[in-house]
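Note sheet for the following structure.
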Amino acid sequence: MEARFDYYGTEIGAKFTKRIGNAGLVVDQSTLPRATQELVKLRASQINGCGFCTDMHSKDALHAGEDQVRLNLVAAWRDATVFTDAERAALALTEEGTRLADAHTGVSDETWAQVQKHYDTDQIAALISLVALINTYNRMNVIAGTPAGSYQPGQWG
């Protein structure tokens, strides 16, 4: 299986990816817990059907010490007992922020209240930025048809 388009092999794609990657460093360096960051990236990637990003973020999370059971249950987080209330708030925001077209209300007041209960303003900014960023990467990879399965943890630095 090959990508339908080598987006990253083009001048524009390489420049764009470098710039959004630099923007992502702001989130990486924030106080938003690393485990939460990986759960958010994985859940958005699942929703968007991005095999490449689902592969990458599940492997990176596992490599960083995340529990396999938690990774297996990300798609069913509402019915799982392995996530904290803060992680549940982040996952709800991720789902509602990713499915904007599916829910005419966008992010619900209930979800927003839970996010505010568990995260400070900088962490909320990081969380919003992360949801936007992973949705961008998902769309780039899905549109280009980037195949999943060959990613190695830490491959992109």
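When Gly106 is tested against (1) in a helix (DSSP H, G or I); (2) modelled with pLDDT under 95, exactly one condition is not met: (1).
For Tyr7, the conditions (1) out of contact with any Gly (no Cβ under 6 Å at 6 or more places or on another chain); (2) within 17 Å of Thr136 (Cα to Cα) are fulfilled apart from (1).
Candidates in region 1-32 are the residues that are β-branched (Val, Ile, Thr) and under 26 Å from Leu91 (Cα atoms); of these, the one that is surrounded by the most Cβ atoms within 10 Å (Cβ to Cβ) is Val27. Going through (1) open to solvent by less than 80 Å² (accessible area, probe 1.4 Å); (2) in a helix (DSSP H, G or I) one by one, Pro153 falls short only on (2). All of (1) within 16 Å of the chain's Cα centre (by Cα); (2) crowded, with 19+ Cβ neighbours inside 10 Å hold for Thr111 with one exception: (1). The set of residues in region 23-59 being free of Cβ contacts under 8 Å to residues at least 12 places away in the same chain and assigned to a helix (DSSP H, G or I) consists of Leu25, Asp28. Taking region 60-86 as the range and being surrounded by fewer than 19 Cβ atoms within 10 Å (Cβ to Cβ), outside any loop (DSSP other than H, G, I, E, B) and out of contact with any Ser or Thr (no Cβ under 8 Å at 6 or more places or on another chain) as the test, the residues that pass are Leu62, His63, Gln68, Val69, Asn72, Leu73, Ala75, Ala76, Arg78, Asp79, Asp85. For beta carbons closer than 9 Å, sequence separation of 6+ or different chains, a first residue in region 119-148 that is under 14 Å from Leu93 (Cβ atoms) and a second that is of a type in the set (Phe, Trp, Tyr), the qualifying pairs are Ala126/Tyr119; Leu127/Tyr119.
For region 33-48, the criterion of being in contact with a Lys or Arg (Cβ under 8 Å, 6 or more places away or on another chain) and open to solvent by less than 10 Å² (accessible area, probe 1.4 Å) is satisfied by at least one residue.
Listed here are the residues, each with its yes/no results for (1) touching a helix residue (DSSP H, G or I) at 6+ places or on another chain (Cβ under 9 Å); (2) at positive phi; (3) part of a helix (DSSP H, G or I); (4) surrounded by 15 or more Cβ atoms within 10 Å (Cβ to Cβ).
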{"site": "Asp122", "(1), (2), (3), (4)": "no, no, yes, no"}
{"site": "Tyr137", "(1), (2), (3), (4)": "yes, no, yes, yes"}
{"site": "Val142", "(1), (2), (3), (4)": "yes, no, yes, yes"}
{"site": "Ala148", "(1), (2), (3), (4)": "yes, no, no, yes"}
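The values are calculated or read from the model by the stated rules, or taken from the named source; none is laboratory data. Just so we're clear, the structure is a prediction, and the values are computed from it rather than from any experiment. We place every Cβ from the backbone using ideal geometry, glycine too, and count neighbours over all the protein chains shown. Side chains are part of the model used for accessible areas, which takes the heavy atoms of the whole protein and leaves out ligands, DNA and RNA. Shrake-Rupley method; radii C 1.70, N 1.55, O 1.52, S 1.80 Å.
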